[in-house]
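One structure is given below, encoded as structure tokens.
The values are calculated or read from the model by the stated rules, or taken from the named source; none is laboratory data. From a predicted model like this one, the values you see are computed outputs, not experimental measurements. Note: ideal-geometry Cβ built from the backbone for every residue, glycine included; neighbour counts use all protein chains shown. Each accessible area value is taken on the protein alone, full model and side chains, heavy atoms only, with ligands, DNA and RNA left out. Shrake-Rupley method; radii C 1.70, N 1.55, O 1.52, S 1.80 Å.
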Amino acid sequence: HAHRLDDRVVLRLLDRARDDFAGASDRMGALWLLPSRVIPVLGQHVHAVTTLTRDGRDLAGRAGGVARAVDIDGLRRDDGSLDLRLIASFHRPLQRSAVAVAAALSDLRDVRSSWLVSPLVDRMDDFQRRIGRLAPNVSLTADAARFLPGLLGGSAPRHYFVALVTPSETRDIGGHMGNWAEVSATDGRFDVV
């Protein structure tokens, strides 16, 4: 049974994560730590932790920005159509998030060193796995926000042929087309022709 978190709870958690990462990032940038950056082995650790806390701050901040900017509940208009302008407005914050995720993955690769201790490497690996799973979804969602308004008839009416096949009847190469429909999309409204 899936539970949907309240939007306010999600925003509070993201803001807390951003603030925690920001505090850690500020501590890693303290003047008294600057000399440690040139000490062999210790310098690699300071650089890795500084980079990871900065990326954590940026990612949590971007996620909070997206959560505030993307109003999923406002997508459906009263007449049942989709608000294509609202969908298009999601593209910019989602694209910025996709860039931040890609930058964090690149930073993780750049700070890797054979001198890093195992507990830090384990945390980096976990961070990389989590971000790696997230990256394709963020990029795909940004692309969807960019292209969906056009596909859904925002600039001109669109017509789609929908074939309904059943794979249990393997006639020809793709099964038997048991039914079909022509669907039109105009300014976010769908009609079966």
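Numbers below:
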item	result
Extended-chain gain in nm, criterion 0.36 nm per residue less alpha-carbon gap, Leu33 and Thr166	41.4 nm
Estimated dipole of the chain in Debye, rounded to 20 [Cβ of Lys and Arg +1, of Asp and Glu -1, Cα centre]	620 debye
The chain: most fluctuating residue of Pro167, Pro136, Pro149 per GNM, C-alpha cutoff 10 Å	Pro167
With every protein chain in place, segment 47-193: carbon and sulfur % of accessible area (1.4 Å)	56 percent
Of Pro136, His159, Val99, farthest towards positive along the dipole that unit charges on Lys, Arg, Asp, Glu beta carbons give segment 95-193	Val99
Rounded accessible area per residue of segment 1-138, 1.4 Å, Å²	64 Å²
Those trypsin sites (Lys or Arg not before Pro) in segment 116-174 that DSSP places in a loop and that have at most 12 other beta carbons within 10 Å	Arg171
FRET efficiency, Arg130 to Val10 (Cβ-Cβ, R0 25 Å, nearest 0.05)	0.90
Helix 91-111 vs. the chain, principal-axis angle (Cα, 0 to 90°, nearest 10)	40 degrees
